[in-house]
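Take a look at the structure set out below.
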Amino acid sequence: MLYTLAGGGTLCGVAALVLLIVSTATDFWMQYRYSGNAASQGLWRFCINHKCHAHTLTVAFWDATRAFMLLAILSCFAGVVLGLSAFTNGTKTRRVRTGGIALLLSGFLALLALAIYTGVTVNFFGKRYIDWRFSWSYILGWIAIILALAAGVLQLCAYQRNVAEPAPPNASES
């Protein structure tokens, strides 16, 4: 049972890791109209008419969102590696538990990042730009949160199931 749940958790963790990386790296967290031109912005750059520029302002919410997303990626990577290591050299229940905790932490850190971004975007940019919307990079971040939390829960269930199962009888004692 450990391998089934841990495998599912690891698979969800890998998917969450890929989505977190794509979400963090791309420039489509928000799309809007700027002087009649199509524009988009990510955590690192903004683009107007497909010409991208680095953010020139140092704004605390971008820094916080970036930091939490990068920490979420690192935590998710650690959770996936620990989950995969449970499949080498027999059962390593502590690694599965630690991987589950790392994946839950990853989901929580990404949740913080997206909550900060959402709050500032709605309260500041939503009033500044008339025609704006959240875009696919932002949505991938939310999907990654769900996957990371699910992966963490599956890993912790695998650990709990393995600890609760009685040890198999030793064949040499018969």
Each label point is 7 Å from the Cα along the Cα-to-Cβ direction; what then is the distance between the points at His55 and Ala115, in nm?
1.9
Checking the a/c ratio against 1.5 first, then a/b against b/c, what shape does the Cα gyration tensor give for the range 1-154?
prolate
Relative contact order of the chain (C-alpha contacts under 8 Å, at least 6 apart) in percent is 36
Report in % the part of the accessible area of the chain that belongs to carbon and sulfur, leaving out ligands and nucleic acids; probe 1.4 Å.
68
Can you list, by residue number, the Cys in the chain that have no neighbouring cysteine C-beta under 4.7 Å?
Cys12, Cys76, Cys157
Rounded to the nearest whole Å², what accessible area per residue is found for the chain with the 1.4 Å probe?
54
Could you check the spin-label model distance between Arg45 and Thr93? Points 7 Å from the Cα along Cα→Cβ, value in nm.
5.0
Amide H contacts under 5 Å for Tyr34, restricted to residues at least 5 apart in sequence or on another chain and with H modeled in the peptide plane, are Ala39
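The values are calculated or read from the model by the stated rules, or taken from the named source; none is laboratory data. Remember, it's a predicted structure, so these values are computed and weren't measured experimentally. Virtual Cβ from ideal backbone geometry, glycine too; neighbours counted across all protein chains shown. For accessibility, only protein heavy atoms count, side chains too; no ligands or nucleic acids. Shrake-Rupley method; radii C 1.70, N 1.55, O 1.52, S 1.80 Å.
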